Amino acid sequence: MRLQKLLLMTALVTAAAPAAGQPRTVESAASGALNATPDFSGIWAHPYWPGFDPPQSGPGPVVNRVRMPSGIGNSDQLVGDYSNPILKPQAADVVKKHGEISVTGVTYPTPANQCWPQPVPYILWTIGVQLLQQPDKITILYSNPDHEVRQVRMNQPHPARVSPSWYGDSVGHYEGDTLVIDTVGVKTDRPFAMVDVYGTPYSSSLHVVERYRLVDDDVAKAAEARTRKENLPIPFNDAGLTVDADYKGKALQLEFTVEDEGVFTMPWSAGMMYRRAAGAWPEAACAENTHEYYAGKESEVPRAEKPDF
């Protein structure tokens, strides 16, 4: 009889196991109720450059003033629209100065091209992403083409005093089928303190809320249509990731909101739509001093000027 019960329980667990990328259910020990928890496992790709997906409505991020004949932003000249009403005057001046460098044909330094940690929300542009879900934390891996890692504490508040860090203090929780991540405390006393590739600055008041959920193909296609008006598709990219054309499951939607009273006149929103990636997580390394971004000036990579011994 015990063996029969064990076999029956095994069969029920096997039948209930979800397919990859589909919602899973977790039984609450306290109530016995079934609570759906989204399963974001696997590698996801967003092969567009250089900016975020514009929102469906409302204030959006800084976009490129320089357009190609097709109307898409010219990724060879990153000239942020400093007239965007979300920008306070001092922030608009910073964006304008970065654009003035870019139109000369010189690539200005950013945390990505200088091998420095990329702050939130800058890092959200990343082509490749993987979420590792555990009950007490979520680890987010980025391939861009370097590898970076964020840690999100689950179901915990921010500390009363947040110690500023490269990626800030991130706490998360689930709201039904949506993962919500709240981030504050991103370091400001660091090189290349910017929220996007156009050099838009941020202050110690920066507050970012991310919302991740699985969506159907029609929602994903609508977001991709919006991003193709601003960003170029890059099927062959430094991260080595492409979209799996044979995958028929759901897409991963990221929508995020940015507030910073020190820089912005109002909150603004943007997004990223990820498709299932083809292949395995690639190897990548941000090579030191392989590029020069000002004449005669090496990349601003972290390095020791003198040996330690």
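Out of G240, G199, which single residue is in contact (Cβ under 8 Å) with a residue 60 or more places away in the chain, buried (at least 22 other Cβ atoms within 10 Å of the Cβ) and either closer than 26 Å to Q114 by Cα or of a type in the set (D, E, K, R) (or both)?
That would be G199, the only listed residue that is in contact (Cβ under 8 Å) with a residue 60 or more places away in the chain, buried (at least 22 other Cβ atoms within 10 Å of the Cβ) and either closer than 26 Å to Q114 by Cα or of a type in the set (D, E, K, R) (or both).
Going through segment 172-199 one residue at a time, which ones are β-branched (V, I, T) and either at pLDDT below 95 or in a loop (DSSP other than H, G, I, E, B) (or both)?
T188, V195, V197
Test P59 against the stated conditions and say whether it is within 20 Å of E259 (Cβ to Cβ), in contact (Cβ under 8 Å) with a residue 12 or more places away in the chain, in contact with a Lys or Arg (Cβ under 6 Å, 6 or more places away or on another chain) and not acidic (D, E).
no
Kindly provide the set of residues from segment 202-221 that are among the aliphatic types (A, V, I, L, M) and more than 22 Å from D246 (Cβ to Cβ), ordered by number.
L206, V208, V209
Against the definition (among the charged types (D, E, K, R), part of a loop (DSSP other than H, G, I, E, B) and free of Cβ contacts under 8 Å to residues at least 40 places away in the same chain), how does D76 come out, yes or no?
yes
Does K137 satisfy the condition of being surrounded by fewer than 20 Cβ atoms within 10 Å (Cβ to Cβ) and closer than 30 Å to D81 by Cα?
Answer is no for this residue.
Taking segment 83-97 as the region of interest, how many residues are closer than 14 Å to M194 by Cα and assigned to a loop (DSSP other than H, G, I, E, B)?
Final tally of qualifying residues: 0.
So that you can scan it fast, the table gives a plain yes or no per residue for (1) loosely packed, with under 13 Cβ neighbours inside 10 Å; (2) among the hydroxyl-bearing types (S, T, Y); (3) farther than 28 Å from T183 by Cα:
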{"position": "R213", "(1), (2), (3)": "no, no, no"}
{"position": "D216", "(1), (2), (3)": "yes, no, no"}
{"position": "T227", "(1), (2), (3)": "no, yes, no"}
{"position": "L232", "(1), (2), (3)": "no, no, yes"}
{"position": "P235", "(1), (2), (3)": "yes, no, yes"}
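Being buried (at least 20 other Cβ atoms within 10 Å of the Cβ), in a loop (DSSP other than H, G, I, E, B), more than 16 Å from the chain's Cα centre (by Cα) and of a type outside the set (F, W, Y): is that true of E261 here?
The answer is no for E261.
If we scan segment 203-216, do we find a residue that is of a type in the set (D, E), in contact with a Lys or Arg (Cβ under 8 Å, 6 or more places away or on another chain) and in a loop (DSSP other than H, G, I, E, B)?
Checking segment 203-216: at least one residue is of a type in the set (D, E), in contact with a Lys or Arg (Cβ under 8 Å, 6 or more places away or on another chain) and in a loop (DSSP other than H, G, I, E, B).
Please state which of the following conditions L34 fails to meet, knowing it meets all the rest: (1) modelled with pLDDT under 90; (2) in contact with a Gly (Cβ under 8 Å, 6 or more places away or on another chain).
The failed condition is (2).
Checking L252 against (1) surrounded by fewer than 20 Cβ atoms within 10 Å (Cβ to Cβ); (2) assigned to a strand (DSSP E or B), only one condition comes out false. Which one?
All conditions are met except number (1).
Would you tally the residues in segment 173-196 being over 15 Å from the mean Cα position of the chain (by Cα) and over 22 Å from W116 (Cα atoms)?
Summing the residues that are over 15 Å from the mean Cα position of the chain (by Cα) and over 22 Å from W116 (Cα atoms) in segment 173-196 gives 6.
Which count do you get for residues in segment 98-155 that are part of a helix (DSSP H, G or I) and under 11 Å from the mean Cα position of the chain (by Cα)?
4
Give the residues of segment 241-276 that are of a type in the set (S, T, N, Q) and at pLDDT below 95, sorted by residue number.
T242
Can you name the number of the only condition in (1) surrounded by 20 or more Cβ atoms within 10 Å (Cβ to Cβ); (2) part of a loop (DSSP other than H, G, I, E, B); (3) of a type outside the set (D, E, K, R) that A160 fails?
Of the numbered conditions (1) surrounded by 20 or more Cβ atoms within 10 Å (Cβ to Cβ); (2) part of a loop (DSSP other than H, G, I, E, B); (3) of a type outside the set (D, E, K, R), the odd one out for A160 is (1).
I'd like to know if segment 104-123 contains one or more residues that are within 21 Å of R228 (Cα to Cα), crowded, with 21+ Cβ neighbours inside 10 Å, in contact (Cβ under 8 Å) with a residue 24 or more places away in the chain and touching a strand residue (DSSP E or B) at 6+ places or on another chain (Cβ under 7 Å).
yes
The values are calculated or read from the model by the stated rules, or taken from the named source; none is laboratory data. Source: prediction; values computed, not measured. Backbone-built Cβ (ideal geometry, glycine too); neighbour counts: all protein chains shown.
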